[in-house]
1. Sort out for me the helices (runs of 4 or more DSSP H) sitting completely within segment B:35-146 that have 2 or more residues that are more than 27 Å from B:Lys169 (Cα to Cα), of a type outside the set (A, V, I, L, M, F, W, C) and free of Cβ contacts under 8 Å to residues at least 60 places away in the same chain.
2. For B:Ala238, work out the one condition from (1) within 11 Å of another protein chain (Cβ to nearest Cβ); (2) in contact with a Pro (Cβ under 6 Å, 6 or more places away or on another chain); (3) surrounded by 22 or more Cβ atoms within 10 Å (Cβ to Cβ) it doesn't fulfil.
3. From the list A:Glu39, A:Glu30, exactly one residue is assigned to a loop (DSSP other than H, G, I, E, B) and either among the hydroxyl-bearing types (Ser, Thr, Tyr) or farther than 22 Å from B:Leu139 by Cα (or both). Which is it?
4. Check A:Gly105 against each of (1) in the same structural domain as A:Phe166 (by TED's automatic domain parsing); (2) open to solvent by less than 80 Å² (accessible area, probe 1.4 Å); (3) within 24 Å of B:Phe145 (Cα to Cα) and name the one condition it does not meet.
5. Looking at (1) within 29 Å of A:Trp18 (Cβ to Cβ); (2) open to solvent by 70 Å² or more (accessible area, probe 1.4 Å); (3) among the hydrophobic types (A, V, I, L, M, F, W, C), find the lone condition where A:Val77 falls short.
6. Output the helices (runs of 4 or more DSSP H) that fall wholly within segment A:169-262 and possess 3 or more residues being away from every other protein chain (no Cβ under 13 Å) and open to solvent by 20 Å² or more (accessible area, probe 1.4 Å), or say none.
7. Based on what the data block shows, is A:Ser92 within 27 Å of the chain's Cα centre (by Cα) and surrounded by 18 or more Cβ atoms within 10 Å (Cβ to Cβ)?
8. With open to solvent by less than 70 Å² (accessible area, probe 1.4 Å), in contact (Cβ under 8 Å) with a residue 24 or more places away in the chain and either within 23 Å of A:Ser246 (Cβ to Cβ) or in the same structural domain as A:Leu258 (by TED's automatic domain parsing) (or both) as the only criterion, which of A:Gly71, A:Gly65 stands out?
Amino acid sequence: MRHVVPVLTVLGVIVAIWYAAAIGMNARWERDQAARAGETITWAEIVPRTMSQERPILPAPHQVGAGLWDGIAGQAVTSRRSLVWHGWVTLSATLAGFGVGTAAGMLLAVGIVHSRVMDQSVMPWAVASQTVPILAIAPMVIVVLASLGVKGLLPKAVISAWLSFFPVLVGMVAGLRSPDGMQLDLMRSWNASPSHVFWRLRLPSSLPWLFASLKVAIAAALVGTIVGELPAGATQGLGARLLSGSYYGQTVQIWAALFTAAILAAALVMLLGAVERLTLRRMGLAR
Amino acid sequence: MRRRAGLLRLAAVVLLLGFTWIASPALLPALAVWLAAMAVNMRLAGRTEPWMRWVVAAIFGLTVVLVWELAVRALNVPQVILPPPSAIWSSLIAKGAILRGDFVQTILKGALTGWLLGAAAAILTAVAIDRSPFLQRGLLPIGNFVAALPIVGIAPILVMWFGFDWQSKAAVVVVMVFFPILVNMMAGLAATDALQRDQMATWSAGYWQALWKLRLPAALPFLFNGLKITTTLALIGAIVAEFFGSPTQGMGFRISTSVGQLDLPLVWAEILVAAIAGTLFYGIVSLIERRATFWHPSQRS
């Protein structure tokens, strides 16, 4: 509770700065318009006009809010102008890729923990891949798969699977290795088989690590999908919405798509956080 | 037991070779190289010399490249789908001037400038709000929240504001790296314990002296954690921002236009440069970290 007042205050300051910036950045256009019409314009006239421009340089918060509301609630869900529809296109590709990438990362992590060869062969590359801007391959994947006739959800899902794979792999390996020597010795003194050690000790103790990397992975998967929607020709999804907005100078549309993406990301991370808390509490691991 | 495992392994290899023989005989050399390399690695992985780890990883990497080359040639994969590593290499050599120009435009001007500005702004902000617990409590949850958002999306807006050249890319990078570094720096400034602060007080050190001599050094390990995380973000921001508009130079521009011209070897060469640049960037920051925080337990031994 002690966070609520400070957070609200900071948010209030941000909104105030945003309004001030909107007035400052949009004022020039109004002044140019007035000069062209041969009129003089006072600040009292400029300020309200900067709040309701058609294509402002920086839309005021209430314009973005109106755009967001119109996109989410003001359109039929099946409409091309509905942010719910575009959001769903992005979300479905994100979730498909996230599921595949997470499953692959977990499986390979299990292999790495149990095989010295795989560990020494793959792990250095997996760790190094964290420092590589993998997202740069997104346009290539889209175009190459399109030339093979694969379009729609699948190419974007491939990118988000690729992006969520590495964080999960690295986090899961660290988690499966987290039991210390004492715990492993205890399992041995109970004459536990390797599969017992895995199911009863390694897997449960890896969960906190797994959830931490899942949160990173879902955010990366969403960014991957949005960037996957950028190459020319895409008409569906939040990325395409951003791109068409930037082509036609529809700033309100860009900001509304951006906020939809932010809401989506926040909802996904919060959902994972809730699952994490429930799981860890049931297992008695909650801090 | 050991012999049975060996026999099973042999049977698996024979089966795999047999299937490949029936399905696509041309793939046999690639498969043979893969199996031979894995056999070598299984031998080497049992050794305990510390440098052996790097040998095993290097053999694996080389094998992947070799199998890629052999498989692409054997199956006659068109170059517009997956070029062989040799074609990527010759493109890297032949178009060195283009790649160098793109590197300077995107990495040095866009990513590095933005990263330095963003890091400086985040560090100064963290120090500035350090004396106000109220602001800290307000900014920390917001910073954590923003760090999880798809911030790359602001690229089209910033390209509109700052134009097509590297300034808009640097601006995207500033926004992307600001919050992760801010959150880490705030945690770092809170990392001293009461005993250490009391010690400073008994020496009658003022706020600035305590900050300079105790709390900033203590914050360095946290700060470097943030700096290392954001090296990759900086490159991603600079490259992706170019997809929304750029001068006729830059890695993101080259990737998107060369994909359109189906010049895939050049695209892969750009990606290779980006990968090497990313690893080097991270490595240099880690090296500075080792020099600056040599006293910290994580850097010893």
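The values are calculated or read from the model by the stated rules, or taken from the named source; none is laboratory data. Since we're looking at a predicted model, the values are computed, not measured. Don't worry about glycine lacking a Cβ; one is built from the backbone with ideal geometry, like all the others, and counts go over all protein chains shown. The area values use the complete protein model at the heavy-atom level, side chains included, leaving out ligands, DNA and RNA. Shrake-Rupley method; radii C 1.70, N 1.55, O 1.52, S 1.80 Å.
1. Values: elements: B:52-74, B:85-94, B:96-103, B:113-128.
The helices (runs of 4 or more DSSP H) meeting that bar are B:52-74, B:85-94.
2. (2)
3. A:Glu39
4. Going through the list (1) in the same structural domain as A:Phe166 (by TED's automatic domain parsing); (2) open to solvent by less than 80 Å² (accessible area, probe 1.4 Å); (3) within 24 Å of B:Phe145 (Cα to Cα), A:Gly105 breaks only (3).
5. Exception for A:Val77: condition (1).
6. Working: elements: A:181-189, A:203-228, A:238-248.
Output list reads A:181-189, A:203-228.
7. So A:Ser92 does not fit the description; no.
8. A:Gly71
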